[in-house]
Every structure is written in C-alpha cells, then in structure tokens.
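Asks: The structure's right below; bear with me while I get my questions together.
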Amino acid sequence: MSKSVQDILALIKEKGIKMVDFKMVDINGQYRHVTIPAQNFSEDTMKSGIGFDASNYGYAVVEKSDMVFIPDPNTAVIDPFCEIPTLSMTGNAMIIDNPENRPLAQYPRNIVLAAEKYMKDTGIADTMLILPEFEFYLFDQVGWDVSGKSISVNMDAKQSYWNSATEGKGVVVQKQKNYHIAKPFDISYECRSEMCLLMKEMGIDINYHHPEVAASGQFEIEPQLGKMSEMADATMMIKYIIHNTALKYGKTATFMPKPIYGEAGSGMHVHMLLLKDGEPVFSKDGAYANLSETAHYFMGGLLKHIASLCALTNPSTNSFKRLVPGFEAPVTIGYATSNRSAVIRIPAYAKTPNKRRFELRNPDATCNPYFCYAAILMAGLDGVKNKIDPHANGWGPYDVNLYHLSDEEKAKLKHLPASLDEALNALENDHDYLTEGGVFPEELIKSFIKAKREECKELSKIPHPAEFEKYYNL
C-alpha cells in the first residue's frame with residue numbers, strides 16, 4: 001500500500017522520530033545522505049525536496065548541477081543503526097525547472113524506472129522479477145597501506161585455516177571447506193541471522209543464509225524474488241545492513257569479488273524472469289529446460305552484449321581476479337542447465353511455470369545495482385526484439401562439464417573480458433541497446449567510462465607486492 005505524507009508524519013509522531021535521513025546514490029552505487037530534524041519535515045519537503053550538487057555524485061549533467069532530491073514515502077524505514085531515532089528514505093533526483101521539476105535522467109533510480117517503462121512500452125512484459133544472491137566475506141580485522149614506503153594489505157578471519165596453530169580451541173575451517181559448515185565452526189551465525197531479521201523488518205523477505213565455500217569467512221544471503229526497481233532499492237539496503245551489522249559484532253564485511261588469494265571469489269548471481277498480466281513469459285512445457293522462445297531470445301541478448309555488460313555488472317579491476325578461466329567462475333559465454341561454469345545457468349530445481357527462470361552468474365556486488373539490473377533488462381529486451389537465438393549463435397546449451405573438454409574443444413569457447421579495460425572498450429563500442437528509449441543517457445555512459453578508465457590508469461601505476469617476489473632480485 002502506498003504511503004502518503006500524512007502517513008510519514010503519523011509515523012514520526014508514533015515512533016518518536018527525531019531525525020529524518022535521506023539516502024541518495026552516487027554513480028558508483030554508494031549511499032550518501034542528508035539529514036534534517038524531524039520537526040522540519042512537512043508536505044513541502046516532499047514537494048520541494050532537498051537540494052544537492054549532482055556533480056559531486058559523479059554525474060556529468062548538461063544542465064546546472066544544482067538538483068533536488070525528492071523522497072519516496074514508500075521507502076520509509078526506521079534506521080536500526082542510529083542511536084537517535086531516525087527515519088530513513090530514498091527517492092529520486094530531479095532537475096529544477098519552472099513550473100515543475102523533471103527527473104534527472106542520469107540518476108540511478110530514475111534509470112531503473114525508465115527501463116521498466118521501456119519494457120512495458122515494448123509489449124514484451126510488464127514486470128521483471130529478479131533475485132540477486134549476495135556473497136560476501138566477514139573478517140575480524142582488515143588494514144591496508146598504499147604509500148611511498150609501504151604497499152600492503154592484511155586481514156584475518158578467526159575461523160580460517162591459517163589460524164590452526166594459534167586459534168586455541170581448534171575451531172578452524174580447512175581451506176575451501178566452509179560450504180554449509182555448521183556450529184561450532186560457523187562462528188558468525190548470530191551475526192548473519194540478525195542481518196536477515198533486520199532485512200525482514202525493512203520489508204525484504206529472505207530465503208536463507210549460509211556459509212559459502214571459502215574458509216576465511218565467506219557467506220551468502222539470498223532474498224526472495226522481487227520487482228526489479230524494488231530489488232534495486234533492496235540491494236542498497238541489504239548491503240547497508242550487512243556492513244553495519246558486521247561492525248556491531250566487531251567484524252567487517254566486504255563485497256570485493258576477490259579479497260583473498262587462493263580462496264573462492266564472491267559474486268552476485270542475478271536470477272530473472274518476466275511476467276505479463278501476471279502470467280510467466282519465460283515458461284513453455286516441453287521446450288529446452290521448459291523455457292519459452294522469448295526466454296531464449298532474452299538469453300541471446302544477454303550473451304550478445306555480455307562483454308559490454310561486464311563494464312556495468314563487474315565494474316572493478318578486482319572483479320576480473322574472480323572471473324578467471326579454469327575455476328568455477330562463470331567465464332564461458334554460453335548457457336546451460338545446472339552448469340556453473342557458463343555465464344547463464346538455468347536452475348533445474350525451478351520447475352513450476354511461475355518460477356522458471358535463469359541466472360546471470362558473472363555480476364558482483366561492486367556494481368551500482370540500478371545500472372546493473374537496468375542494463376541486464378535492456379540487453380535481454382534487445383535479444384527479444386531482434387530474435388537473437390543463443391543456440392543458432394553457438395552459445396550452447398553447454399550441458400557438459402566444460403573443464404573436461406579437450407584442448408581443441410576448449411579453444412572454440414568464447415570468454416568474458418579479461419580486464420575492466422577490455423570491458424570498458426566493449427561498452428564504448430556496444431551501448432546502443434542501453435540508450436534505446438532514452439533509458440541510459442549517452443552522457444552518463446561517457447562519464448562512467450571516463451571515471452572507470454581513470455581508476456584503471458591509477459591502479460596500473462601502483463607496484464604490487466607479488467611483483468617484488470617475481471622481480472626484486474633479477
């Protein structure tokens with residue numbers, strides 16, 4: 001049920017709210033916020049908004065950079081991490097125009113809403129449901145130094161195998177043996193359970209949480225399927241909850257795809273399906289994996305544009321330390337049922353028509369979720385509009401163990417970009433599908449590419465500790 005300004009005012013009074021916090025999103029997908037005293041919140045706040053400088057958020061706006069943030073009352077939740085009673089809302093950025101404000105096209109939340117509108121306008125579907133899986137590490141300590149005299153990082157997870165000689169109670173996990181491990185080894189169970197309970201309080205339904213493969217503190221929390229625009233908001237809140245709850249328990253959380261050498265990487269696999277008038281678009285009995293022609297075309301669009309998508313779904317240099325051939329990482333451009341090495345995996349357990357779907361396995365949570373989810377939808381719709389058949393294009397199905405293929409057969413496979421630089425090149429050359437319907441502004445794509453190229457350039461100049469091992473004594 002939609003909330004009104006009066007509902008928010010009543011909630012402020014009922015809960016004794018002292019502060020109202022407005023959470024905004026920058027180009028990298030990080031929260032920024034502005035807070036006002038609760039007594040200053042009024043109907044005019046919802047109409048006139050809160051002013052901010054969009055250029056400081058990374059957006060290259062053609063108009064003046066002074067914008068207003070208009071809160072969405074439907075996102076109102078009480079922030080459990082503030083000692084002073086605080087009501088939190090997210091919303092949309094608007095350009096100050098007379099007589100009315102209009103949406104800032106580059107603002108992430110507006111892009112997701114534009115992508116959903118574009119989907120409806122095509123007539124292909126009216127709803128996209130997604131389910132992102134959140135893999136992350138919980139460390140007991142982390143520190144780094146990048147300076148003239150030191151280039152280092154150190155971290156520790158109490159239960160990790162490397163503490164077997166010092167832990168004192170023998171409760172350590174063998175390397176890569178953490179998957180679903182139970183107490184007493186699962187020492188962060190209460191922390192993760194509290195994360196899930198807080199998510200539920202904020203209206204985010206959770207399927208489960210569990211230890212993941214890496215022994216050095218890797219875990220997963222999986223929410224339930226949700227509408228794309230709502231799940232983009234939920235993704236921001238899920239990460240906010242995980243980071244802050246970890247700190248409450250004396251730990252630190254990271255969504256870095258590859259924080260530890262030799263341990264499993266963390267991804268954010270995105271399950272997806274389309275509905276039209278409440279009916280599943282992707283289901284067809286008797287077809288391959290019981291998926292419809294539309295579903296296959298949607299996969300075809302994803303696979304055609306996967307290299308450029310990587311710039312938005314995997315936008316960190318660290319992302320490509322996870323996406324390495326020869327491991328369980330999804331690097332092969334193709335689709336398959338129950339095959340984790342292909343970029344698109346069709347889960348065999350999703351048997352009922354309203355649950356039949358597939359997952360894109362390459363994304364990770366360093367992405368801006370609004371950009372990531374909107375780009376996935378736009379690539380898939382492009383596949384449906386242009387009838388891009390993944391089988392006819394040689395992208396599968398790969399219903400074999402790709403690691404057991406002969407060298408000759410492996411040589412025929414195509415893989416994801418090997419670096420962020422490669423992905424940015426692909427995005428520069430292939431982004432027309434994103435600008436369809438004005439969903440992704442050309443200025444935003446150029447600004448995003450420029451910022452990420454600067455990141456790559458900066459990081460390429462920094463010596464790596466492993467280089468000392470290789471070259472110091474040559």
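Asks: Taking the conditions exactly as written (under 30 Å from residue 352 (Cβ atoms), of a type in the set (Gly, Ala, Ser) and at pLDDT 95 or above), does residue 316 satisfy them or not? Before the answer, list the steps.
Replies: Details: under 30 Å from residue 352 (Cβ atoms): no; of a type in the set (Gly, Ala, Ser): yes; at pLDDT 95 or above: yes.
Against the criterion (under 30 Å from residue 352 (Cβ atoms), of a type in the set (Gly, Ala, Ser) and at pLDDT 95 or above), residue 316 does not qualify.
Asks: Restricting attention to region 405-439, which residues are over 21 Å from residue 453 (Cα atoms) and not aliphatic (A, V, I, L, M)? Reasoning before the result, please.
Replies: Of all residues in region 405-439, those over 21 Å from residue 453 (Cα atoms) come to 405-415, 433, 436-439.
Scanning region 405-439 gives 406, 407, 408, 409, 410, 412, 414, 415, 433, 436, 437, 438.
Asks: Let me ask something additional. What tally of residues in region 102-122 results from selecting those that are within 30 Å of residue 205 (Cβ to Cβ), touching a residue at least 40 places away in the same chain (Cβ under 8 Å) and not aromatic (Phe, Trp, Tyr)?
Replies: The initial filter retains those residues of region 102-122 that are within 30 Å of residue 205 (Cβ to Cβ), namely 103, 107-122.
Applying the additional criterion that residues be touching a residue at least 40 places away in the same chain (Cβ under 8 Å) yields 107-109, 111-119, 121-122.
When the remaining residues are screened for being not aromatic (Phe, Trp, Tyr), the result is 108-109, 111-117, 119, 121-122.
The total comes to 12.
Asks: Among the residues of region 418-467, what is the count of those that are without any contact (Cβ under 8 Å) to a residue 40 or more places away in the chain, polar (S, T, N, Q) and within 30 Å of residue 261 (Cβ to Cβ)?
Replies: Of the residues in that region, 2 qualify.
Asks: Would region 418-434 turn up any residue that is touching a Gly at 6+ places or on another chain (Cβ under 7 Å) and closer than 25 Å to residue 103 by Cα? Before you say what the answer is, go through the steps one by one.
Replies: First pass over region 418-434, keeping only residues touching a Gly at 6+ places or on another chain (Cβ under 7 Å): none.
No, every residue in region 418-434 fails to be touching a Gly at 6+ places or on another chain (Cβ under 7 Å) and closer than 25 Å to residue 103 by Cα.
Asks: From the list 19, 89, 67, exactly one residue is closer than 30 Å to residue 256 by Cα and not assigned by TED's automatic domain parsing to the domain that holds residue 369. Which is it?
Replies: Numbers: 19 fails: closer than 30 Å to residue 256 by Cα; 67 fails: closer than 30 Å to residue 256 by Cα.
Just one listed residue meets the conditions, 89.
Conditions (1) basic (Lys, Arg); (2) touching a Phe, Trp or Tyr at 6+ places or on another chain (Cβ under 6 Å); (3) outside the structural domain of residue 357 (by TED's automatic domain parsing), marked per residue:
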residue	(1), (2), (3)
191	no, yes, yes
205	no, no, yes
217	no, yes, yes
239	yes, no, yes
246	no, no, yes
252	no, yes, yes
256	no, no, yes
260	no, no, yes
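Asks: A further question follows. Assuming residue 285 fulfils every condition listed in (1) surrounded by fewer than 24 Cβ atoms within 10 Å (Cβ to Cβ); (2) touching a Ser or Thr at 6+ places or on another chain (Cβ under 6 Å) apart from one, which condition is it?
Replies: Residue 285 satisfies all of (1) surrounded by fewer than 24 Cβ atoms within 10 Å (Cβ to Cβ); (2) touching a Ser or Thr at 6+ places or on another chain (Cβ under 6 Å) except (2).
Asks: Which of the residues that make up region 402-417 are in contact (Cβ under 8 Å) with a residue 24 or more places away in the chain and over 26 Å from the mean Cα position of the chain (by Cα)? Even if it seems obvious, please write down each step before you answer.
Replies: Of all residues in region 402-417, those in contact (Cβ under 8 Å) with a residue 24 or more places away in the chain come to 402-403, 413-417.
If the condition is that a residue be in contact (Cβ under 8 Å) with a residue 24 or more places away in the chain and over 26 Å from the mean Cα position of the chain (by Cα), then 402, 403, 413 are the ones that fit.
Asks: Shifting gears a bit: Hey, any hits in region 316-328 for a residue that's of a type outside the set (A, V, I, L, M, F, W, C), within 24 Å of residue 392 (Cβ to Cβ) and not assigned by TED's automatic domain parsing to the domain that holds residue 28? Break it down stepwise before answering.
Replies: Filtering region 316-328 down to residues of a type outside the set (A, V, I, L, M, F, W, C) leaves 316-319, 321-322, 325-326, 328.
Keeping just the survivors that are within 24 Å of residue 392 (Cβ to Cβ) gives none.
For region 316-328, residues of a type outside the set (A, V, I, L, M, F, W, C), within 24 Å of residue 392 (Cβ to Cβ) and not assigned by TED's automatic domain parsing to the domain that holds residue 28: absent.
Asks: Within region 365-382, is even one residue farther than 29 Å from residue 318 by Cβ and hydrophobic (A, V, I, L, M, F, W, C)?
Replies: Looking through region 365-382, at least one residue is farther than 29 Å from residue 318 by Cβ and hydrophobic (A, V, I, L, M, F, W, C).
Asks: Go through (1) at pLDDT 95 or above; (2) surrounded by fewer than 19 Cβ atoms within 10 Å (Cβ to Cβ); (3) in a helix (DSSP H, G or I) for residue 46 and report which single condition fails.
Replies: (1)
Asks: Quick one: would you say residue 200 is more than 27 Å from residue 357 (Cβ to Cβ) and over 17 Å from the mean Cα position of the chain (by Cα)? Please lay out each step first, then the result.
Replies: Numbers: more than 27 Å from residue 357 (Cβ to Cβ): no; over 17 Å from the mean Cα position of the chain (by Cα): yes.
Judged against the criteria, residue 200 is not a match.
Asks: Considering each residue of region 197-236, count those that are part of a strand (DSSP E or B), over 16 Å from residue 182 (Cβ atoms) and charged (D, E, K, R), and give that number. Break it down stepwise before answering.
Replies: The initial filter retains those residues of region 197-236 that are part of a strand (DSSP E or B), namely 206-211, 218-223, 226-227.
Adding the requirement that they be over 16 Å from residue 182 (Cβ atoms) leaves 206-207, 221-223, 226-227.
Filter once more, so that each one left must be charged (D, E, K, R): 222, 227.
Residues in region 197-236 being part of a strand (DSSP E or B), over 16 Å from residue 182 (Cβ atoms) and charged (D, E, K, R): 2 in total.
Asks: Which helices (runs of 4 or more DSSP H) does region 265-376 wholly contain that include 3 or more residues that are under 19 Å from residue 425 (Cβ atoms), aliphatic (A, V, I, L, M) and in contact (Cβ under 8 Å) with a residue 40 or more places away in the chain? Explain how you work it out, then say what you get.
Replies: Values: elements: 293-304, 306-313, 319-322.
Because the criterion is at least 3 residues that are under 19 Å from residue 425 (Cβ atoms), aliphatic (A, V, I, L, M) and in contact (Cβ under 8 Å) with a residue 40 or more places away in the chain, the helices (runs of 4 or more DSSP H) in region 265-376 that meet it are 306-313.
Asks: Restricting the search to region 337-369, which residues are crowded, with 21+ Cβ neighbours inside 10 Å and more than 18 Å from residue 380 (Cα to Cα)?
Replies: Those that are crowded, with 21+ Cβ neighbours inside 10 Å and more than 18 Å from residue 380 (Cα to Cα): 339, 341, 364, 365, 366, 367, 368.
Asks: On to the next question. For residues in region 1-27 being part of a helix (DSSP H, G or I) and in contact with a strand residue (DSSP E or B) (Cβ under 8 Å, 6 or more places away or on another chain), which is nearest to residue 68 (Cα to Cα)?
Replies: Once the filter is applied, the top-ranked residue is 8.
Asks: Scanning region 126-161 for residues that are of a type in the set (D, E, K, R) and in contact with a helix residue (DSSP H, G or I) (Cβ under 9 Å, 6 or more places away or on another chain), which turns out nearest to residue 195 (Cα to Cα)? Walk me through it before giving the result.
Replies: Residues of region 126-161 of a type in the set (D, E, K, R): 126, 133, 135, 140, 145, 149, 156, 158.
Next, only the ones that are in contact with a helix residue (DSSP H, G or I) (Cβ under 9 Å, 6 or more places away or on another chain) stay: 126, 156.
Values: 126: 32, 156: 21 Å.
Per the criteria, the residue is 156.
The values are calculated or read from the model by the stated rules, or taken from the named source; none is laboratory data. It should be emphasised that the depicted structure is a prediction, and the values quoted were computed from it without experimental measurement. Cβ atoms come from the backbone with ideal geometry, glycine included; neighbour counts cover every protein chain shown.
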